[in-house]
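Here's the structure we're looking at; comments come further down.
A short reminder: the numbers here are calculations on the coordinates, not readings from a lab. A quick note: this is a predicted structure, and the numbers were derived from the prediction, not measured. Note that we place each Cβ from the backbone using ideal geometry, even for glycine, and neighbour counts take in every protein chain shown.
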Amino acid sequence: MIKAILNSVATAWIARDAERGDIPEGMTVPLTLLAARLPASILVVGAIGYGLYRLNLEARARRAKDVTPQRRRSAPRKAPSTGARSRGKARS
C-alpha cells in the first residue's frame, strides 16, 4: 500500500513538472515507468535528497549578496535655452 501511494505521488510529481515545461514531453513516459518500477525505499530516499537539495538552494539564495546596481541620482534637467534654436536651421 505504501509503495502504491509513493508511486502515485511520484507520477503526479512528474506530471506536474512536465506540465510546467521542466521535463520534456518525450521523457515523461519513461520517467513514470521508471518511478513505477523502483522500490519504495529508493523513492523515499530520492524525495528526501531532493528536499535537502532545495533547502540548500534556498539557504544559498538567502545568503547571497544583493548585486542589484544602485541608481545614481541625476541632476535635474535644465530647460533648453531659446538661443540654441536661433543658431540652427529654421523649422518649417
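Taking label positions 7 Å along the Cα-Cβ direction at both SER74 and ALA15, the computed distance is 5.3 nm, reported to one decimal. Across region 18-33, rounded Karplus estimates of 3J(HN,Hα) from the backbone phi angles (6.51 cos²θ - 1.76 cosθ + 1.60, θ = phi - 60°) give 5, 5, 6, x, 6, 10, x, 4, x, 9, 5, 5, x, 5, 5, 5 Hz, Gly and Pro being marked x.
Around the amide H of ILE23, modelled in the peptide plane, lie the amide H atoms of ALA18, all under 5 Å away and 5 or more residues distant in sequence or on another chain.
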